[in-house]
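Taking it in order: structure first as structure tokens, then the write-up.
The values are calculated or read from the model by the stated rules, or taken from the named source; none is laboratory data. Fair warning: this is a prediction, and the values are worked out from it, not measured in the lab. Here the Cβ positions follow ideal geometry from the backbone for every residue, glycine too, while neighbour counts run over all protein chains shown. Accessible surface is based on the protein model in full, side chains and every heavy atom, while ligands, DNA and RNA are left aside. Shrake-Rupley method; radii C 1.70, N 1.55, O 1.52, S 1.80 Å.
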Amino acid sequence: IERNFPLPSDDVVMSGVAVTDAGVKGKNAVWNFSGVSLVGGKHYIRYYGEAPDSLVRIEDNAVYTEALVAGKQYVYGVEDRLRKLVFSVPVLRMPYPFAYGDSLCAPFEGRGKYCDNRYVKVTGDVKVVADGLGRLALPGNVAFDNVLRVTTTRRADIRMSPDSSAFDSVKPLTEVEHRHDWYASGSRYPLLTLVRRTTYDGQARVAGREAAYLMTAEDNAAVYENADENIETDGADGRLSNGVLADYDVSFTEGRLTVEYELADEADISLSVSDVSGIIYKYVESLHQPAGGHTADISCADLRRGEYVLSISVNGKAVGVKFNVK
């Protein structure tokens with residue numbers, strides 16, 4: 001567990017990328033970001049402190065005071081050029097350990113100053129969910145298996161007033177942040193981060209910000225030592241191949257799923273059908289099959305209407321294909 005904690009003196013470097021879609025959730029998911037382009041400059045995160053249970057994080061020109069308490073990472077304060085907040089009930093950032101399917105929700109509350117002339121009160125809650133586990137494909141024809149996606153939703157009501165005693169009579173602005181982080185096995189920090197932050201005045205959207213950051217091989221060469229190299233990608237539909245699975249085709253008619261695939265070499269094959277949340281409804285036992293063409297039929301007539309994911313596992317590496325039951 002301890003190897004996943006942020007550490008004092010760590011410098012994290014990521015590169016800005018153009019990512020707008022967080023992709024599917026569920027087990028055996030495939031996230032194909034192999035075609036994303038670099039935009040903007042570098043994104044830096046720096047940690048300072050004496051020990052993991054008392055840290056200062058500097059990011060986006062803001063200073064965050066953090067601590068690890070009972071295996072959970074919290075934010076106790078934040079200061080930037082406009083605001084200074086201290087949280088009496090800290091903001092949950094990440095629990096440890098965290099595995100696929102785990103979730104945690106916690107409230108927070110803080111007070112402070114905005115532009116040195118207004119008092120601020122912030123209340124809200126954070127929900128952290130490990131909602132995806134699968135294969136992450138990145139630029140440079142590399143991919144990582146057993147990647148965990150963690151989705152954090154933070155909702156905050158923000159009240160500002162020249163007089164702190166008037167908070168209860170002030171109409172709040174509501175800030176909603178959706179954050180997706182993809183963690184490779186053994187990596188202390190995410191390989192990819194996508195953040196969307198929107199501010200509402202009642203029902204009206206008054207501000208928004210979106211940013212995505214990728215830890216490239218240039219940013220952290222050691223992490224990429226565990227990558228699967230020379231994968232093949234088809235940017236038209238986001239499909240992935242891993243060298244052994246040379247080609248495949250999936251069709252769904254009259255309640256039956258037909259999978260035609262070709263193996264470049266002998267391999268262990270298994271097939272499963274799950275919904276987008278990761279619940280598996282159909283499973284075909286693993287078979288050791290020779291090189292060449294193969295066909296599998298899976299009856300899905302008993303599935304309810306909705307979106308499903310077919311996972312084709314080849315030597316333990318999964319390819320995902322979405323289909324709809326109507």
How many of the residues in segment 176-193 are over 19 Å from VAL91 (Cβ atoms), assigned to a strand (DSSP E or B) and among the hydrophobic types (A, V, I, L, M, F, W, C)?
2
Inside segment 222-232, the number of residues satisfying the requirement of being modelled with pLDDT of 70 or more and either within 18 Å of VAL17 (Cβ to Cβ) or surrounded by 10 or more Cβ atoms within 10 Å (Cβ to Cβ) (or both) is 5
Just for segment 138-175: of the residues that are within 26 Å of the chain's Cα centre (by Cα) and part of a loop (DSSP other than H, G, I, E, B), which one is modelled with the highest pLDDT?
PRO139
Restricting the search to segment 1-36, which residues are open to solvent by 60 Å² or more (accessible area, probe 1.4 Å) and either touching a strand residue (DSSP E or B) at 6+ places or on another chain (Cβ under 6 Å) or modelled with pLDDT of 90 or more (or both)?
ASP11, LYS25, LYS27
Of the candidates GLU218, GLU210, the one satisfying the condition of being assigned to a loop (DSSP other than H, G, I, E, B), out of contact with any Asp or Glu (no Cβ under 9 Å at 6 or more places or on another chain) and modelled with pLDDT of 85 or more is GLU218
Can you spot a residue in segment 104-116 that is out of contact with any His (no Cβ under 6 Å at 6 or more places or on another chain), closer than 28 Å to PHE33 by Cβ, open to solvent by 40 Å² or more (accessible area, probe 1.4 Å) and in contact (Cβ under 8 Å) with a residue 24 or more places away in the chain?
yes
Considering segment 57-75 alone, what residues qualify as being open to solvent by 30 Å² or more (accessible area, probe 1.4 Å) and either touching an Asp or Glu at 6+ places or on another chain (Cβ under 7 Å) or in contact (Cβ under 8 Å) with a residue 24 or more places away in the chain (or both)?
ASN61, VAL63, LYS72, TYR74
Take segment 258-283 and flag every residue that is open to solvent by less than 50 Å² (accessible area, probe 1.4 Å) and touching a Phe, Trp or Tyr at 6+ places or on another chain (Cβ under 7 Å).
VAL259, TYR261, SER272, VAL273, SER274, ASP275
Need at least 3 residues that are more than 23 Å from the chain's Cα centre (by Cα) and among the charged types (D, E, K, R) per element, so show me which strands (runs of 3 or more DSSP E) inside segment 1-87 make the cut, counting only ones lying wholly within it.
none
Give all pairs with beta carbons closer than 9 Å in which a residue from segment 90-102 that is touching a residue at least 60 places away in the same chain (Cβ under 8 Å) and more than 16 Å from VAL195 (Cβ to Cβ) meets a residue that is aromatic (Phe, Trp, Tyr) and open to solvent by less than 40 Å² (accessible area, probe 1.4 Å); count only pairs at least 6 apart in sequence or on separate chains.
TYR96/PHE5
Say whether the condition of being farther than 28 Å from GLY71 by Cβ and not in a strand (DSSP E or B) is met by at least one residue in segment 101-115.
yes
Would a scan of segment 142-151 turn up a residue that is at positive phi, open to solvent by 50 Å² or more (accessible area, probe 1.4 Å), free of Cβ contacts under 8 Å to residues at least 40 places away in the same chain and of a type outside the set (D, E, K, R)?
yes
Can you find even one residue in segment 111-122 that is within 22 Å of the chain's Cα centre (by Cα) and either of a type in the set (Lys, Arg) or within 30 Å of LEU82 (Cα to Cα) (or both)?
no
Do the conditions hold for GLY40, that is, is it surrounded by fewer than 18 Cβ atoms within 10 Å (Cβ to Cβ) and either in contact (Cβ under 8 Å) with a residue 60 or more places away in the chain or in contact with a His (Cβ under 7 Å, 6 or more places away or on another chain) (or both)?
no
Output the residues belonging to segment 152-175 that are surrounded by fewer than 20 Cβ atoms within 10 Å (Cβ to Cβ) and of a type in the set (Gly, Ala, Ser).
SER161, SER164, SER165, ALA166, SER169
